[in-house]
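Below is one structure, written out as structure tokens; the observations come after it.
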Amino acid sequence: MTKYSEHKNFSTLLESVKLSLLHAGRYNRSDMVGPTVILWTDSDNQWAALVDQLRPLMSELFTLGEYNPEKRGGPAIWLRCIIERSLPDIELPEDVTPIIYMPNVGRQTLRAVEECPDSLKPLVELQYRGTVWTQRNGRDWTVEAFLVSEDGGLGLDVAKDRHTRRSMLGALAQLAVTPLTRLTGKRLEAEDFDKLMVEDTPRDLLVWINSPSEIQEQWDENKWAAFISRCKAEYGFDPKKEGVIVAGEKLGIREDEAWKNLWKRFEESPLLYPGLPEVLRKSKPSGKLIFDKEPWPDENDSEEKSLRQDLLSLSSKSAAEARKTIEDLEAKHHKRRDWVWATIGQSPLAIALEHLTVMAKETSQSIGGDSADAMSSIYRGSGYKADMSAILALASVKSAEDSKAIEAALRSIYLPWLDDAARHFQKLITAKPLPSGNDELPGIVAEVGECLLFADGLRFDISHRLTALAEEQQLRVSFNWRWASLPTVTATAKPALSPVADQIIGKQLGEEFRPVTKEDGKPLTIDRFRKLLIIEGYQVLSPSEVGEPEQADARAWTEFGEIDKLGHKLQGKLAARITEQIELLLERIRELLQAGWKRVRVVTDHGWLLVPGGLPGVQLPKYLTECRWARCAAIKDHSKVDFPMANWHWNPHEYFAYGPGINCFSNGNEYAHGGVSLQECLIPDLQFSLSDVPVKTIAKIKEIQWLGMRCRATVDPSGAKIKADLRTKPNDETSSVATPKMVSADGHVSLLVENEELEGTIVSLVIFDPSGSVIGKQATTIGGDE
């Protein structure tokens, strides 16, 4: 099995659960209010051992139970006060969503409001204002489900027998911190989990070095004595007599094989030992010449400081000199990206330097070409990597001083390259304008079974990151491109690429560059735009709806993402949010495909420019304009301006001015669009589909009937030893929403969906043979179609 790519950079079950919990709190800010809380229900108390390990890593994690504030545990009313942020002794940042672990409580208990115990009632209402950490099928995450599921879990191969389940739960504390590399590529059985329970001296030693006082308090005398004995035998070290500082020194020096192997063990999962770096800082031998700098975090800190100063110095160098400096810095610092300190976020500039090196290489030559199409060919070949690398470099750092260092590098190299390319592009389109109007640049019409997904501001380089992630997750991707409509603002460009573009016209530019409806000449508001789509036969879906793909001639339009909104709000800080936006967009694409849409076609209206420290500005007096935006302006009749002009997509007799090069008509813009550059005008056109191999139907499903939440089906051939199930993903048994049943000898089977919240959900009735292979499937709606 292949584990989900979202967990690939997390080396243990513990870290993966943490990531999954954080993802449960993500939401589309343009469509909904964020959850007030994440509820973690655990009806069988399976996760308790892991929660104890997770608590030091997540300050937002609280536990329902007896009042114990030191361990962030307490009764429901106390937890409710924390969620409402009404306890002065407990500080919870506004942008952090609290997580409530609820042992011995299942989601079904919360849903049964009237029967819910009084002790839980203060939390019941929160399931509607918050979110519950569950599988896609609405069930609680069990340990086994998380280990085996490919849909949000780890995709491990775990035996299903009773002994394996018992051993797996018994070894959970050890399993939680076992590197995933030791669990993949084989079938895990009871023996594998039992082995984890055997004494593990390397693990115990690292845990002790990380937090010696706390660990010694937790261990009884026998455990402590055994630990000392094993350390003496295996490491030549006495924890009681020599102490943690000596242990840190030996770990850093790594003079013999045992300590070298212990260091490798630390490197496998360094985030599990947050106190260990500080021990190493205190343990570094003084008065000794350090040849191997890697184990000592203060040496890495010194290298980061030196790199920061070198990057800041680029502000006084020419672009060519700055590129050479970056090349030299990469040769010096690249090895630090393999050090453990990079893994735990202590080498942000070394990480960013890799992206700056790509940016420097891609900007070493200007984008030439004798036409806009020729320039686009060069840009689509590799030029976009300069933009991608600039964003990745910015996203690699968090502190203000590191951001200033990246800003200096980008302004020295990236900014002049951007401006040169934009001016050449503008010169070419002045001689031969880009396609414009519905005849030259028609709207996009969905095919039957296709959903058009509009993502505002999905720039070309960002779309490459999206498609790469989609392909990692085994989606089939088709990558195309087109020119945006001018000016590159949403009011103009979004309707121009829509299926109803031929029902829209332009009169005057006005203050918003907004066209009007052809039928009655009214401004194209959001409501009128959606009405045109509905009349055209499109299902218009909110960001949380999947529509009815099974309808005849089904087509849909939906909108998702907030890249452009965040850009205007956060300016240069948008870079840190791009990865999150890509992941959310891909989740939406998968959701639509799994609901039954044959294809999801992702379209966008425009790209954008982003330069930290601000784009350059030029003066355009406001009294000469009808409206003046960052990169474009409508000029008043009879006014004359010395700026490049282009005709409006919706009316060739209307012209607008745009900023020369990458200039804005106002100051202080790190993020802007509306003008004419490759980054703003060349936009992606993407198609996504599932790449599952079609099931060869051996068993034929003759009939499906629903009586409330019970599904009754007739299957041919009858008499075979086959079972039936209801799943959200046909080939994933963990996506089941019912209990699988044997098909009777006469071909009949009845399946009950207990979770009433799933009514109306599209699932697949799956028939599978004794080996588990799917031999038949048919889509159906829980509860029956209306």
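The values are calculated or read from the model by the stated rules, or taken from the named source; none is laboratory data. The structure displayed is predicted, hence computed values, not measured ones. All Cβ positions, even for glycine, are placed from backbone atoms using ideal geometry, and neighbour counts span all protein chains on display. The accessibility values were calculated without ligands, DNA or RNA, using every heavy atom of the protein model including side chains. Shrake-Rupley method; radii C 1.70, N 1.55, O 1.52, S 1.80 Å.
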Looking only at the stretch 105-146, how many residues end up being at pLDDT 90 or above and touching a strand residue (DSSP E or B) at 6+ places or on another chain (Cβ under 9 Å)?
4
Does the stretch 702-717 include one or more residues that are in a loop (DSSP other than H, G, I, E, B), touching an Asp or Glu at 6+ places or on another chain (Cβ under 7 Å) and open to solvent by less than 60 Å² (accessible area, probe 1.4 Å)?
yes
For the stretch 503-526, does any single residue satisfy the condition of being out of contact with any helix residue (DSSP H, G or I) (no Cβ under 6 Å at 6 or more places or on another chain), assigned to a loop (DSSP other than H, G, I, E, B), among the hydroxyl-bearing types (Ser, Thr, Tyr) and open to solvent by less than 80 Å² (accessible area, probe 1.4 Å)?
yes
Apart from one, (1) open to solvent by 50 Å² or more (accessible area, probe 1.4 Å); (2) over 28 Å from the mean Cα position of the chain (by Cα); (3) within 18 Å of residue 461 (Cβ to Cβ) all hold for residue 381; the odd one out is (2)
Over the stretch 190-233, the set of residues surrounded by fewer than 17 Cβ atoms within 10 Å (Cβ to Cβ) and under 25 Å from residue 148 (Cα atoms) is 191, 194, 195, 197, 198
Looking only at the stretch 687-695, decide whether some residue is surrounded by 22 or more Cβ atoms within 10 Å (Cβ to Cβ) and closer than 21 Å to residue 444 by Cα.
yes
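Could you identify the single residue in 285, 270, 295 that is touching a Ser or Thr at 6+ places or on another chain (Cβ under 6 Å) and farther than 26 Å from residue 406 by Cα?
Numbers: 285 fails: touching a Ser or Thr at 6+ places or on another chain (Cβ under 6 Å); 295 fails: touching a Ser or Thr at 6+ places or on another chain (Cβ under 6 Å).
The conditions single out 270.
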Testing residue 86 on (1) polar (S, T, N, Q); (2) within 29 Å of the chain's Cα centre (by Cα); (3) over 19 Å from residue 758 (Cα atoms), one condition comes back false. Which one is that?
(2)
What number of residues within the stretch 352-390 are in contact (Cβ under 8 Å) with a residue 40 or more places away in the chain, part of a helix (DSSP H, G or I) and acidic (Asp, Glu)?
1
Restricting to the stretch 19-38, name every residue that is out of contact with any Ser or Thr (no Cβ under 7 Å at 6 or more places or on another chain), at pLDDT 90 or above and buried (at least 19 other Cβ atoms within 10 Å of the Cβ).
20, 21
Which one of the conditions (1) open to solvent by 20 Å² or more (accessible area, probe 1.4 Å); (2) under 30 Å from residue 275 (Cβ atoms) does residue 330 fail to meet, given that it meets all the rest?
(2)
Within the set of pairs 6 or more residues apart or between chains, which connect a residue that is in a strand (DSSP E or B) inside the stretch 752-772 to a residue that is among the acidic types (Asp, Glu) with Cβ atoms less than 6 Å apart?
766/725
All-but-one check, residue 582 against (1) open to solvent by 40 Å² or more (accessible area, probe 1.4 Å); (2) modelled with pLDDT of 95 or more; (3) of a type in the set (A, V, I, L, M); (4) over 30 Å from residue 647 (Cβ atoms), failing number (1)
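Which ones in the stretch 666-686 are assigned to a loop (DSSP other than H, G, I, E, B) and open to solvent by 10 Å² or more (accessible area, probe 1.4 Å)?
Taking the stretch 666-686 first, the residues assigned to a loop (DSSP other than H, G, I, E, B) are 666-670, 673-677.
If the condition is that a residue be assigned to a loop (DSSP other than H, G, I, E, B) and open to solvent by 10 Å² or more (accessible area, probe 1.4 Å), then 666, 667, 668, 669, 670, 673 are the ones that fit.
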Evaluate the following for residue 599: is it closer than 30 Å to residue 449 by Cα, buried (at least 17 other Cβ atoms within 10 Å of the Cβ), at pLDDT 95 or above and in contact with a strand residue (DSSP E or B) (Cβ under 9 Å, 6 or more places away or on another chain)?
yes
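Listed residues 312, 289, 280; which is hydrophobic (A, V, I, L, M, F, W, C), modelled with pLDDT of 95 or more and surrounded by fewer than 18 Cβ atoms within 10 Å (Cβ to Cβ)? Break it down into steps so the answer makes sense when it comes.
Numbers: 289 fails: modelled with pLDDT of 95 or more; 280 fails: surrounded by fewer than 18 Cβ atoms within 10 Å (Cβ to Cβ).
Going through 312, 289, 280 in turn, the sole match is 312.
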Within the stretch 753-777, can you find the residues that are closer than 17 Å to residue 699 by Cβ and modelled with pLDDT of 85 or more?
764, 765, 766, 767, 768
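Tell me, please, whether a residue that is of a type in the set (Val, Ile, Thr) and either surrounded by fewer than 18 Cβ atoms within 10 Å (Cβ to Cβ) or within 27 Å of residue 180 (Cβ to Cβ) (or both) can be found in the stretch 237-244. Give the derivation first.
Initially, the stretch 237-244 is screened for residues of a type in the set (Val, Ile, Thr), giving 244.
From what is left, the residues that are either surrounded by fewer than 18 Cβ atoms within 10 Å (Cβ to Cβ) or within 27 Å of residue 180 (Cβ to Cβ) (or both) are none.
Checking the stretch 237-244: not a single residue is of a type in the set (Val, Ile, Thr) and either surrounded by fewer than 18 Cβ atoms within 10 Å (Cβ to Cβ) or within 27 Å of residue 180 (Cβ to Cβ) (or both).
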Residues being free of Cβ contacts under 8 Å to residues at least 60 places away in the same chain and under 18 Å from residue 510 (Cα atoms): count how many of those fall in the stretch 656-674.
2
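Pick out, from the stretch 201-305, the helices (runs of 4 or more DSSP H) lying fully within it that include 3 or more residues that are out of contact with any His (no Cβ under 6 Å at 6 or more places or on another chain) and farther than 30 Å from residue 331 by Cα. Talk me through it step by step, then tell me what you get.
Working: elements: 201-210, 212-218, 221-235, 239-253, 257-268, 276-283.
Counting at least 3 such residues, we get 201-210, 212-218, 221-235, 239-253.
Does residue 349 qualify as being in contact with a helix residue (DSSP H, G or I) (Cβ under 9 Å, 6 or more places away or on another chain), crowded, with 19+ Cβ neighbours inside 10 Å and touching a residue at least 60 places away in the same chain (Cβ under 8 Å)?
On the way: in contact with a helix residue (DSSP H, G or I) (Cβ under 9 Å, 6 or more places away or on another chain): yes; crowded, with 19+ Cβ neighbours inside 10 Å: yes; touching a residue at least 60 places away in the same chain (Cβ under 8 Å): no.
It is false that residue 349 is in contact with a helix residue (DSSP H, G or I) (Cβ under 9 Å, 6 or more places away or on another chain), crowded, with 19+ Cβ neighbours inside 10 Å and touching a residue at least 60 places away in the same chain (Cβ under 8 Å).
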Tell me which residues, restricted to the stretch 415-432, are open to solvent by 80 Å² or more (accessible area, probe 1.4 Å) and more than 23 Å from residue 359 (Cα to Cα).
427, 430, 431, 432
Does any residue of the stretch 658-679 turn out to be under 27 Å from residue 428 (Cβ atoms), modelled with pLDDT under 95 and in contact with a strand residue (DSSP E or B) (Cβ under 9 Å, 6 or more places away or on another chain)?
yes
What pairs can you find where one residue is in the stretch 317-330 and over 14 Å from residue 350 (Cβ atoms) and of a type in the set (S, T, N, Q), the other is modelled with pLDDT of 95 or more and open to solvent by 30 Å² or more (accessible area, probe 1.4 Å), and their Cβ atoms are less than 8 Å apart, with a gap of 6+ or different chains?
325/310; 325/313; 325/317
Pull out all pairs, ordered by first then second residue, where Cβ-Cβ is under 8 Å, the residues are six or more apart or on different chains, the first lies in the stretch 265-285 and is over 17 Å from residue 242 (Cβ atoms) and without any contact (Cβ under 8 Å) to a residue 24 or more places away in the chain, and the second is assigned to a helix (DSSP H, G or I) and open to solvent by less than 30 Å² (accessible area, probe 1.4 Å).
281/297
Cβ pairs under 7 Å, 6+ apart, first in the stretch 517-537 and modelled with pLDDT of 95 or more, second exposed (fewer than 12 other Cβ atoms within 10 Å of the Cβ) and not in a helix (DSSP H, G or I):
528/522; 537/553
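Select, from 648, 629, the only residue that is over 28 Å from the mean Cα position of the chain (by Cα), at pLDDT 95 or above and open to solvent by less than 10 Å² (accessible area, probe 1.4 Å).
Numbers: 629 fails: open to solvent by less than 10 Å² (accessible area, probe 1.4 Å).
Answer to the check: 648.
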3 or more residues over 28 Å from residue 358 (Cβ atoms), open to solvent by less than 10 Å² (accessible area, probe 1.4 Å) and modelled with pLDDT of 95 or more: qualifying helices (runs of 4 or more DSSP H) within the stretch 434-500
490-496
